[in-house]
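Down below is the structure, laid out as structure tokens.
The values are calculated or read from the model by the stated rules, or taken from the named source; none is laboratory data. Note that the structure is predicted; figures quoted are calculated from it, not measured. No Cβ is skipped: glycine too gets one built from the backbone with ideal geometry, and neighbour counts run over all protein chains shown. Ligands, DNA and RNA are excluded from the accessible area calculation, which covers all protein heavy atoms including side chains. Shrake-Rupley method; radii C 1.70, N 1.55, O 1.52, S 1.80 Å.
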Amino acid sequence: MDTKAILMGVAFGIMWASAFTSARVIVQYAPPLHALALRFLVSGIIGILIALAIGQNWRLTRKQWIAVVVFGITQNGLYLGLNFIAMQTIEASLAAIIASTMPLLAAFASWAVFGEKIRPLGVIGLLAGVVGVVLIMGARLQGDVDLYGIALCAISVVSLTVATLAVRGASSGGNFLMVVSLQMFVGSAILWGPALAFETFDVTWNWQLAVAFSYTVIVPGLLATLVWFLLVDRIGATPAAVFHFLTPFFGVLIAAVLLGEKMGSMDIIGVLIITVGILAVQMSKQKPTSL
């Protein structure tokens with residue numbers, strides 16, 4: 001993992017974490033599924049136009065087409081769709097904390113499904129992650145928190161785990177921006193059905209919605225996903241997943257600064273424990289270097 005990869009990973013972590021705050025703003029003024037479906041449609045169009053302008057094409061490998069479909073359904077349709085609905089009733093910081101458990105779930109799934117061995121440090125990391133989540137949820141459940149929103153976030157993070165595992169080995173072949181743009185269209189197509197069936201297009205038009213929507217389309221919607229694909233291609237899915245440990249910290253920090261969300265002592269302790277747990281899991285996967 002060289003300096004460029006580290007800078008890419010940190011940039012991805014910040015952009016990815018900021019999406020929770022911008023999404024929280026959007027769903028206060030617009031129906032979540034309509035907003036998300038439109039976001040993916042706009043992001044996809046912009047991405048394809050840029051991809052064509054820089055010489056990329058539609059000729060993707062079979063694995064890339066599989067990644068387009070699976071990633072579009074699981075991440076864009078299920079993960080983000082459920083998160084947008086959930087953030088109508090829960091804070092952006094809590095959604096970010098739940099989403100940050102993805103690397104832990106991915107490590108567990110890699111062991112349970114793919115038979116990957118987990119070293120003792122990785123086991124400690126998984127246990128630490130569980131402890132951190134329990135501390136946060138225990139403190140939150142004592143207050144006024146929407147259990148339905150938490151359940152949606154929990155389902156969504158499982159979907160994100162599936163999405164991450166689905167792109168194992170599917171990022172090679174070039175045309176990264178085209179791949180990202182096409183999976184945006186898949187997500188949009190998946191979301192328009194339930195949006196039209198279950199939501200009323202009731203929008204409060206203001207500058208806050210305009211800024212949040214524009215930011216979400218360009219930064220976490222397009223740039224963050226593109227950086228993620230490039231990072232996975234550069235260093236692999238497992239090392240790249242370490243940068244998800246930035247999500248709880250930056251997610252909570254950005255929500256506190258921009259939205260004024262308050263964090264209790266158990267939240268802070270829980271975030272630190274989860275962060276350490278994610279780092280331990282990822283470090284346990286690194287191959288030891290010989291002297």
Discussion item. Kindly evaluate Ile66 against the criterion of being open to solvent by 20 Å² or more (accessible area, probe 1.4 Å), at pLDDT below 90 and assigned to a helix (DSSP H, G or I).
Written reply: yes
Over segment 81-91, the set of residues of a type outside the set (Val, Ile, Thr) and at pLDDT 90 or above is Gly81, Leu82, Asn83, Phe84, Ala86, Met87, Gln88
Conditions (1) among the hydroxyl-bearing types (Ser, Thr, Tyr); (2) within 30 Å of Asn175 (Cα to Cα); (3) open to solvent by less than 20 Å² (accessible area, probe 1.4 Å) -> Thr61 fails only (3)
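Can you give me the ranges of the helices (runs of 4 or more DSSP H) entirely in segment 176-291 with at least 3 residues that are open to solvent by 10 Å² or more (accessible area, probe 1.4 Å), of a type outside the set (Lys, Arg) and more than 27 Å from Gln64 (Cα to Cα)?
On the way: elements: 176-198, 207-218, 224-235, 237-240, 246-259, 265-285.
Passing ranges, in order: 176-198, 207-218, 246-259, 265-285.
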The number of residues in segment 69-100 that are in contact with an Asp or Glu (Cβ under 6 Å, 6 or more places away or on another chain) and open to solvent by 10 Å² or more (accessible area, probe 1.4 Å) is 2
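Would it be correct to say that Leu33 is open to solvent by 20 Å² or more (accessible area, probe 1.4 Å), in a helix (DSSP H, G or I) and either in contact with a helix residue (DSSP H, G or I) (Cβ under 9 Å, 6 or more places away or on another chain) or within 30 Å of Met283 (Cα to Cα) (or both)?
On the way: open to solvent by 20 Å² or more (accessible area, probe 1.4 Å): no; in a helix (DSSP H, G or I): yes; either in contact with a helix residue (DSSP H, G or I) (Cβ under 9 Å, 6 or more places away or on another chain) or within 30 Å of Met283 (Cα to Cα) (or both): yes.
It is false that Leu33 is open to solvent by 20 Å² or more (accessible area, probe 1.4 Å), in a helix (DSSP H, G or I) and either in contact with a helix residue (DSSP H, G or I) (Cβ under 9 Å, 6 or more places away or on another chain) or within 30 Å of Met283 (Cα to Cα) (or both).
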For segment 228-257, pairs from a residue that is closer than 18 Å to Lys4 by Cα to a residue that is among the charged types (D, E, K, R), with Cβ under 7 Å and 6 or more apart or across chains, are Ala237/Arg168; Thr238/Lys285
